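Report on the following structure.
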Amino acid sequence: MLQGYIAKKWGDKMFENDMAKIVKKHAFWGAIIMALPTFGLGLIAYCYILWHMYYALCQRCETELKVSTVIAGIVVNFIVATVVNFVLAYVPIIGWLGTGFIVYLQFYLSGKGYIETLRKLEL
């Protein structure tokens, strides 16, 4: 009984902290890549980092990454990142920092949404 309480009280927190660290780390690197003025070349690295975030979250949950579960997220995130990068890439410094901030926020919200999706799965 006490063991179950401790596992529920602290185990879930540790799991959530691990998941949050995965999202924050990938959001940071995604923002750095997109903030650099690569004029579109950073989108390749962006896609890799985003896909890797989804993969790492699935690994942490001990489930498989299914293309059908993330393809919509990848497409939506890629479209947003492409538009933001295209619009802001040509505005020196302010545009680059704005792109980084938007991409960080995008990764964070996308990761949080995916974590919620993983929680609802019956594992």
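What the table shows:
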item: Pairwise FRET efficiency - Phe28 versus Glu62, Cβ, R0 = 25 Å, nearest 0.05; result: 0.50
item: Accessible surface of the stretch 75-122, 1.4 Å probe, proportion on carbon and sulfur as whole %; result: 78 percent
item: With all protein chains modelled, accessible area of Leu97 [1.4 Å, Å²]; result: 110 Å²
item: Förster radius 22 Å - calculated FRET efficiency between Leu121 and Phe101, Cβ distance, rounded to 0.05; result: 0.10
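The values are calculated or read from the model by the stated rules, or taken from the named source; none is laboratory data. Predicted, not measured: the structure shown is a model, and the values here were computed from it. Cβ coordinates were reconstructed from backbone atoms using ideal geometry, including for glycine residues, and neighbour counts include every protein chain displayed. The area values use the complete protein model at the heavy-atom level, side chains included, leaving out ligands, DNA and RNA. Shrake-Rupley method; radii C 1.70, N 1.55, O 1.52, S 1.80 Å.
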